[in-house]
Amino acid sequence: MSNSDVLIQVKDLYKVFGDKPESVMPMVKAGKSKDEILAETGHTVGLKEIDLEINRGEIFVIMGLSGSGKSTLIRHFNRLIEPTAGEIIVEGTDVMKLNTKELEQFRRHKMSMVFQRFGLMPHYTVLDNVAYGLKIQGVDKSVREQKAVEWLETVGLKGYEEQYPNQLSGGQQQRVGLARALCTDAEILLMDEAFSALDPLIRSEMQDQLIELQHKLNKTIIFITHDLDEALRLGDRIAILKDGLLVQQGEPEEILLNPADEYVEAFVKDVNRARALTVETVMKEPEHRITAETIGEALKEMKRGAYDYGHVVDDSGSYQGTVTQEWLEEEAKGGNADSTWEEADLTETTTITSDAVLETVIPETLEADHPIPVVDEEGQLQGELSRSSLAEVLVDSSETESESVENQKV
Amino acid sequence: MAEKSWLTDIPEMDRSSLLQLRKTMDGAYRDFSREYGDSIEAFFDPLLTFLIWFEKLLLNSPWWLVLGVIAGLAYAASRSAKLTIGVAVSLVVVGYFGMWDDTMRTMSIITVCTLISIVLGIPIGIAMARSNRVQSTVTPMLDIMQTMPAFVYLIPVVMLLGIGRIPGVIAVVIYAIPPVIRLTNLGIRLVDKEVLEAATAYGANPRQRLLGVQLPLAMPTIMAGINQTIMMALAMVVIASMIGVKGLGQPVLKSITNQYFTIGLLNGLAIVVLAIIFDRVSQAYGKRTQAHLGGGHE
C-alpha cells in the first residue's frame, strides 16, 4: 500500500500550554529543553517541530508513552486543541484557518474520531449513538437510522440497537464507537488509543476487525497508541513521539530493525518480533533455483553446483517443488532420469507466503530439512526462509541487549 | 480612662456620620421606590393575575377533582401506584383536619415560585457553566441570598411593593433559587469531558452540545437542584406569611403569637406532607427518566 498521494500535511507544528504561549515560542525555537522552559516560565511544551505527511488510504500510527504528546497531536487534526504555531493541511485546506462554521462542516464531513474511553452518549441508545454524526449533520431520522443499522451489523452488533451503552461490555462499546465513526462516511478516521482500554484478547480481536474493515473501506486512519505491538500490527507507517518531539518515522520493519535512538530501541526491545515481522523482511534470495526440465538434468545441475537441495521452477518462474540430491539420485536409479516434473511425483511442496507473519510460519520452517520456499500470490518463487535466518532475527536484539547489560554490570 | 484608645476599643464611625449614612441610604431607596414603585408593580401585574387565577382554580374546583389531578400527576411522574395512593391519602387526611384551603393556597404559590426559579435559574446556571467569570460573579451573590436572613430582604421588597402575594413570591424565589442555579452549573461542569469532546469532534455546534449532551447528562444533578429549591420554598412559607401571603404559614404564625400548640402542629405537619409529596414525586420522576444513566453493565 505504498501510494504517495499525500492527504494530510503537518507543517512545523508547535503547541505550548500555559497563559501566554506565544511569549515562550522564541525559547522553544531556540532549542531550550522542556524542563528549562517549565522552570523558567511555567509553560509546558506539548509539541515541538512536528512535520508529517500522511498518505491517502494508509494507517498511520503515532506512538509514544504517556506524556509524549500523542493525544495532543491527534486533537490538532480536527482542532479540538488549537496549536500555538504551525499548519495542518488537508487536501489543500489549512485546517487552522477555518472559521467556526467551516470548522464545524469540516468536522462533520471530513474526519471522525474514536476515543479511548469510547465517548459514547450514555443517554442515547446504541442506534442513536451510531447515528449521532448524521444527526448533527441534519440527516433525516429514517435515513440515518437505516445507515446506523447497516454499520452496526458490519461491526457485529446486530440486535443491540435499543440497548444503552452502559449495558454493553467495553469491547462492544468500542465497536459502537467505531460504527459511529464509520457512519458519517468521513474519509479520515482519528483513533485516539481506541483499543487501549480493552482486554488483550478483545483488543487483538478489534485490531483484526479494523484491518479487515480497512481492506474494504480504504480509509485514511490516524491511530494513536502506546503499544508498539499494536503499532507494528496495524501501521503502514509509524511515527514515534517523545516529549513532544518526533523521534522517528517510517515503515514498521524499518523501525524494528533500525531504531533511530535509544528511546526507540528500548521500545523495540520488548516487541514480539515473530508477531511483528513478516516473511518478506527476513527471507533471502533463493540460492538454488533449478530450471532443468527433467530429473536427470536437475541432478547434473546440482552436482555441478555442489549443493544438495534446490527449488524447482518452470519457465515462467512458478514454483513446482523442492528436491534434494538424495531423492534425485534415488529417482534416477529407479529409471526415472528422463521423466519431467509433471511425471515425477514431487513430494515436498510446502510453501509460505511473503506477507505471512513470522510466528505463523515457525512450524513449517523448523520442520523442513532445508530453507523453505516463499512464493507470491501467483505461485512465483520469491525467496526462501532458512531456519538460521529465522532464528537470527528472532533472537538478535534481545540477546545482544542482555549481553550489553551484563557487560555494564561487570 | 477618659480617653478612648484604639488599642482597647475598636475604632468606630462617629454617631452623626452613621446617622447620615443611614439617612442617605434610606432616603435614596425611598425616593427610588416612590419613583419606580408603580412601574415595577405594573411589571409584576401579569404574574399577580396568574397567581390569583391559579389559586382560585385550585380553591374553586371540587376537592375530588383537584385530588384526582394531583394523584394523576403523581402517577404520571413516578409510575408508582403505591406513591400515588400515599399522596391521595395524605391529602385527604390534611383536608379532613380542615386545612384544605390553606394547603391549596400554599401549593399554588409554591408551584409558581418553583416554576419561576426553574425558568430563571437554569439559564443562569448554564451561563455560569460556560464562563468562569460569570461563575465568580454569581457565586458570591448566591452566597448572600442563602445566608442573609430572609427578614432583611423582606424590608426593601415590602418598601417597594407593599405587602401581598408578589413580594411574597419575590422573597421566596430569592431564597429558593440558589440550589437550582448552583446545581445546574455543577451538573454541566461535571459532564464527562470525553463525551463532550466526541460531540465537538463530530461537528456539533454549541447549541447542539448544550441541548443534546450537556443538559441531558446534567439532568440528574439539575433535578436534585429543583428538588432542593422546592424544599427551600416550602421552608419560606411561614416567613412569607408575615408579609401577607395566605396559606399554611398564617395559622402557624397565629399560633406562635397566641400559643395555639395544636393548630401550629397540624399546619406544620401539613407543610411537611406537601414537602414529602413534592420531594418523593420529583425524585421518582428523576430516577425513572434517568434509569439508563446509572448502574448497568460497568
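Readers should treat all values here as calculations from the given coordinates under stated rules, not as data from a laboratory. All figures in this text were calculated on a predicted structure; none of them were measured in a lab. Methodologically, a virtual Cβ is constructed for each residue, glycine included, from the backbone with ideal geometry; neighbour enumeration extends over all protein chains shown.
Side notes on the structure shown:
- DSSP-loop chymotrypsin sites (Phe, Trp or Tyr not before Pro) across region A:290-393, with at most 16 other Cβ within 10 angstrom: A:Y307
- Here's the picture: charge each Lys and Arg Cβ at +1 and each Asp and Glu Cβ at -1 in the protein assembly as shown, and of B:V195, B:T257, A:S388 the one pushed furthest to the positive end of that dipole is B:T257.
- Note on B:V119 and A:Q105: their simple-model spin labels are 3.9 nm apart, each label 7 Å out from Cα toward Cβ.
- Take the Cβ atoms of B:R288 and A:D261, set R0 to 60 Å, and the FRET efficiency comes out at 0.50.
- FRET efficiency estimate (nearest 0.05) - Cβ-Cβ, A:H226 to A:E205, R0 22 angstrom: 0.70
- Full extension of the chain between A:K158 and A:T93 gives 19.6 nm of extra length, using 0.36 nm per residue less the Cα-Cα distance.
- Nitroxide proxy distance, nm - points 7 Å out along Cα→Cβ at A:K300 and A:E287: 2.4 nm
- Comparing Cα centroids, region B:128-155 and region B:194-241 end up 18 angstrom apart.
- Most fluctuating residue given options A:S66, A:S142, A:S354, as computed from a GNM of chain A linking Cα atoms under 10 Å: A:S142
- Computed over region A:281-390: relative contact order in percent, which uses C-alpha pairs under 8 Å that are six or more apart: 30 percent
- Extension gain, A:D376 back to A:T353 (0.36 nm per residue minus Cα-Cα distance, nm): 7.7 nm
- Among the GluC sites (Glu not before Pro) found in region A:46-104, those both in a DSSP coil and sparsely packed, with 14 or fewer other Cβ atoms within 10 Å of their Cβ, are A:E91.
- Region B:78-180: trypsin sites (Lys or Arg not before Pro) in DSSP loop, at most 12 other beta carbons within 10 Å: B:R79
- Residue of A:K70, A:K300, A:K34 that the Gaussian network model of chain A assigns the largest fluctuation, springs spanning Cα pairs under 10 Å: A:K300
- For the protein assembly as shown, the antiparallel share of DSSP beta bridges with both residues in that region comes to about 60%.
- Computed over region A:161-286, relative contact order equals 17 percent, with contacts defined as Cα pairs under 8 Å that lie 6+ residues apart.
- FRET efficiency estimate (nearest 0.05) - Cβ-Cβ, B:V93 to A:Q137, R0 60 angstrom: 0.60
- For B:Q214, neighbours were defined as the other residues whose beta-carbon sits under 15 Å from its Cβ, and their charges (Lys and Arg +1, Asp and Glu -1) total +2.
- Filter on A:K97/A:K147; A:K34/A:K110; B:K193/B:K287; A:K32/A:K269 - keep pairs with C-alpha separation over 26 Å: A:K97/A:K147; A:K34/A:K110; A:K32/A:K269
- Inter-label distance, nm, simple model (7 Å from Cα along the C-beta direction), B:M25/A:K216: 7.4 nm
- The distance separating the Cα centre of region A:323-373 from that of region A:1-80 comes to 53 Å.
- Under a Gaussian network description of chain A, with springs only between Cα atoms under 10 Å, the residue in A:L228, A:L390, A:L98 that fluctuates furthest is A:L98.
- Counting neighbouring Cβ atoms within 10 Å and putting the fewest first, the residues A:M191, B:M13, B:M236, B:M242 line up as B:M13, B:M242, B:M236, A:M191.
- Taking every alpha-carbon pair under 8 Å whose residues sit at least 6 apart, chain A reaches a relative contact order of 14 percent.
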